[in-house]
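Here is the structure we will look at.
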Amino acid sequence: MIEIKTHSALHVLKGATKKVLGAKWTASTYVNGPHGRLTVQFERKPTEEEINRIFVEAQNRINEGLPFIIEKLSREEAEKKYGDEIYDLFPIPTEVNELYIVIIPGWNINACNKQHVSNTREIGEIKLDHWRYRNSKKLLELSFNVI
């Protein structure tokens, strides 16, 4: 169950990263028990204040108890309805014709075939572990723990 919470927290954190920094593309994700890492493409090193705002925004959404809505759509329907918003930098194989679209209303949308909590409040608390910016690759890594 903890990995489901941690994975769900990635979606909330991605929404916060997009809101605060405008970062659209996820380069990679990682989950191991209560520990997670979101890596997004970003053009500059963010400030400590921006990083803190990301985690405040994420925790606010968690506290709101927003629903996780899952839509199963053909790839064609999903792309027509949502555009490239549903994708990350790591591609979904072309032979996959049906997508599960995970929606946190007004916050985040992503194609994802993993299990999720039913609402954000179930995640609990998300705490920044550490972060780093890799200038050579233009990647921001946000490591966190769910408690």
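The values are calculated or read from the model by the stated rules, or taken from the named source; none is laboratory data. A quick note: this is a predicted structure, and the numbers were derived from the prediction, not measured. Heads up, the Cβs are rebuilt from the backbone with ideal geometry, glycines too, and the neighbour counts pull from every protein chain shown. The accessibility values were calculated without ligands, DNA or RNA, using every heavy atom of the protein model including side chains. Shrake-Rupley method; radii C 1.70, N 1.55, O 1.52, S 1.80 Å.
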> Given the residues R44, R61, which is the only one that is assigned to a helix (DSSP H, G or I), farther than 19 Å from P91 by Cα, more than 11 Å from the chain's Cα centre (by Cα) and basic (K, R)?
Replying inline: R61
> Since H35 meets every condition but one in (1) touching a residue at least 24 places away in the same chain (Cβ under 8 Å); (2) farther than 18 Å from K114 by Cβ, which condition does it not meet?
Replying inline: (2)
> Out of all the residues in segment 64-111, which are under 27 Å from L139 (Cα atoms), touching a Lys or Arg at 6+ places or on another chain (Cβ under 7 Å) and without any contact (Cβ under 8 Å) to a residue 40 or more places away in the chain?
Replying inline: L99, Y100
> In segment 35-45, what count of residues is obtained for those that are touching a Lys or Arg at 6+ places or on another chain (Cβ under 9 Å) and either open to solvent by less than 60 Å² (accessible area, probe 1.4 Å) or among the aromatic types (F, W, Y) (or both)?
Replying inline: 4
>> Just the residues that are open to solvent by less than 40 Å² (accessible area, probe 1.4 Å), touching a helix residue (DSSP H, G or I) at 6+ places or on another chain (Cβ under 7 Å) and either part of a loop (DSSP other than H, G, I, E, B) or among the hydroxyl-bearing types (S, T, Y) (or both), please, taken from segment 1-34.
In response: S8, T17, A23, T26, G33
> Only one of (1) under 14 Å from the mean Cα position of the chain (by Cα); (2) within 20 Å of N113 (Cα to Cα) is not met by E77, so which one is it?
Replying inline: (1)
> For segment 83-142, which residues satisfy the criterion of being open to solvent by 30 Å² or more (accessible area, probe 1.4 Å) and among the polar types (S, T, N, Q)?
Replying inline: T94, N97, N113, Q115, S118, N119, N135, S136
> Which of the residues spanning segment 112-147 are touching a helix residue (DSSP H, G or I) at 6+ places or on another chain (Cβ under 7 Å) and without any contact (Cβ under 8 Å) to a residue 60 or more places away in the chain?
Replying inline: R121
